[in-house]
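The values are calculated or read from the model by the stated rules, or taken from the named source; none is laboratory data. This structure is a prediction, so every number in the text was calculated from the model and none was measured. Backbone-built Cβ (ideal geometry, glycine too); neighbour counts: all protein chains shown.
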Amino acid sequence: MAMNYSEKVIDHSLNPRNVGEIEDPSGCGTVGNAVCGDIMRVYLDIDENQVIQDAKFKTFGCGAAIATSSMATVLIKGKTVQEALEVTNKAVMEALDGLPKVKIHCSLLAEQAIHAALWDYADKNGIVIEGLERPVTDVSELEEEG
Ligand code: FES
């Protein structure tokens, strides 16, 4: 019984899209949440036009973290690195028809892992992605800031 979960959340947590690794990725980022202990890693394959050709993730986390990572990777594929910044945790939650309040923090893992992977890509290539902030490794810090 999943009283508070939308069908989309259940679908993406039971049948997550884009699970796995990319060998020799353009960018890779790992973040965690020290409070719940969940960890997420995102791999990106980005072409010479800065378009995300592929995105994969691995997570050691709860169902909501898996569902939001799954949806987030679906949403960023085919987008430019700049457009990918618009895939915020709110956008991901909307695409999943919402999350129960106590699970909102889980969606931050996906967003921040993508940011960390984009940061890695930008760093490796000596470019600046406008609006991208240096990622934190522990997303529970962000929650405290509100
Ligand atoms: Fe930690 Fe969901 S409980 S990410």
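Annotations
- Residue ID - farthest from the ligand (Cβ to nearest atom), chosen from residues in the stretch 37-51 that are buried (at least 22 other Cβ atoms within 10 Å of the Cβ) and among the hydrophobic types (A, V, I, L, M, F, W, C): Ile46
- Residue count for the stretch 59-96, restricted to those that are touching a Phe, Trp or Tyr at 6+ places or on another chain (Cβ under 9 Å) and of a type outside the set (A, V, I, L, M, F, W, C): 4
- Failed condition for Leu109, given (1) touching an Asp or Glu at 6+ places or on another chain (Cβ under 7 Å); (2) among the hydrophobic types (A, V, I, L, M, F, W, C); (3) not in a helix (DSSP H, G or I): (3)
- Scanning the stretch 24-36 for residues being within 16 Å of the ligand (Cβ to nearest atom), buried (at least 20 other Cβ atoms within 10 Å of the Cβ) and among the polar types (S, T, N, Q) gives a total of 1.
- Against the conditions (1) among the charged types (D, E, K, R); (2) in contact with a Cys (Cβ under 7 Å, 6 or more places away or on another chain); (3) at pLDDT below 95, Asp120 satisfies every one except (3).
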